[in-house]
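K.L.:
I have a structure here, written as structure tokens, and I will follow up with some questions on it.
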Amino acid sequence: MLRPLRRRVPGGARLLPSLRARRGRERLHGARRDGGASHRARRASITQGTSAGRAQRDRVTVRVHFLGSGNAFSDGGRANAAIHVTAPGVSLLLDCGGSALPAIKKHVDPATIDAIAVTHLHGDHFGGITFLVIEQHFAGRKKALVCAGPPSLEQRMRAADQALYPDFFGPVQLGFPLRTLVLGPEPIELGGAHVSALPVRHVRLAEPHGLRVEVAGKLIAYSGDARFTEELVAVAKGADLFICEASYFDRDDPAHISYKQVMAHRHEFDAKRIVLTHLGAETLAHLSDLELEHTTDGTLIEI
């Protein structure tokens, strides 16, 4: 009987796999290749999803409404500082000066404001909170109002409440929760935005800070009241919109930056757009000379 011939394989050599085995291996390798393609497709899908998310944020319009654009003395008949930042799911007021409530009610429903971020403890930047709180109580507000700012904000708010309406604050139970938070260099969620505060130079007892507000992938920086220093540069750095005070046109003031100083340092701020607010009489007298955007009560900007 014939027997199959066995091939002898020299030492060190190896036998080639059979055709069937090779075909099976090809199928296995093919499956691996298909899996790699699937992985790449998934990775591409994730990348596309991330890009789509960024594109969606880019399409979101952030509205910055200057309800009050004046200085402490309401030069030009302007209201004290109050800037309303809105986007889908965001309603945040930057500062709420003593004369802000009429300006707020002229342009927006106060009930839509979810939170207030305060730059510093001067009356033209936080003095209107007492009036807003009591007005909202009598308007029937139920949702919480959050006020955030320097470390002494809560203490100063209580002092203002007792000075202005001692017969209301304390004896009367507010119809809505009123909470206070301290802002610092680490962003916190506030009114749907993410807000951080960096120290600036103004008047020490006012605990001055500039704000950085992140909304829908956009960065808004706000000087509050400040003189020019590197701290102010840090506030503005990389902002899509830098809202900067200009109390004076060219006066060298120890507590406030002037328009001429803003112009001299505008490239250091590294902001895509600079808009002037908190305009005093000296600046108002030179409006035709201003080369930067500037606001009036009611100015609306979209970014």
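K.L.:
How would region 217-281 be classified by its alpha-carbon gyration tensor: rounded, prolate or oblate, with rounded meaning a/c under 1.5 and the a/b versus b/c comparison settling the rest?
P.N.:
Values: a/c = 1.93, a/b = 1.64, b/c = 1.17.
Prolate, since a/c reaches 1.5 and a/b exceeds b/c.
K.L.:
Which lysines does Lys218 reach when only Cα atoms under 28 Å apart count, and residues fewer than 8 places away in its own chain are ignored?
P.N.:
Once the sequence-local lysines are set aside, what remains near Lys218 is Lys105, Lys106, Lys143, Lys237, Lys260, Lys272.
K.L.:
Next question. Would you work out if region 244-303 is rounded, prolate or oblate? Take a ≥ b ≥ c from the square roots of the eigenvalues of the alpha-carbon gyration tensor; rounded if a/c is under 1.5, else prolate when a/b is larger than b/c, oblate otherwise.
P.N.:
Details: a/c = 1.77, a/b = 1.12, b/c = 1.58.
Oblate.
K.L.:
Report relative contact order for region 48-157 in percent, whole number only (criteria: Cα-Cα under 8 Å, sequence separation at least 6).
P.N.:
Working: 186 pairs, mean separation 22.5, N = 110.
This gives 20 percent for region 48-157.
K.L.:
Which whole-Hz couplings ³J(HN,Hα) result when phi for each residue of region 60-73 is put into the Karplus expression 6.51 cos²θ - 1.76 cosθ + 1.60, θ = phi - 60°, listed in order with x for Gly and Pro?
P.N.:
Values per residue, Gly and Pro as x: 5, 8, 9, 9, 10, 10, 7, 6, x, 10, x, 8, 4, 9 Hz.
K.L.:
Rounded, prolate or oblate: which fits region 145-189, taking a ≥ b ≥ c as square roots of the Cα gyration tensor eigenvalues, rounded meaning a/c under 1.5, else prolate when a/b beats b/c?
P.N.:
Numbers: a/c = 4.80, a/b = 1.82, b/c = 2.63.
Oblate shape, in that a/c is at least 1.5 and b/c is the bigger or equal ratio.
All of the numbers you see were taken from the coordinates with simple rules; none came from a lab. Remember, predicted model here, so these are calculated numbers, not experimental data.
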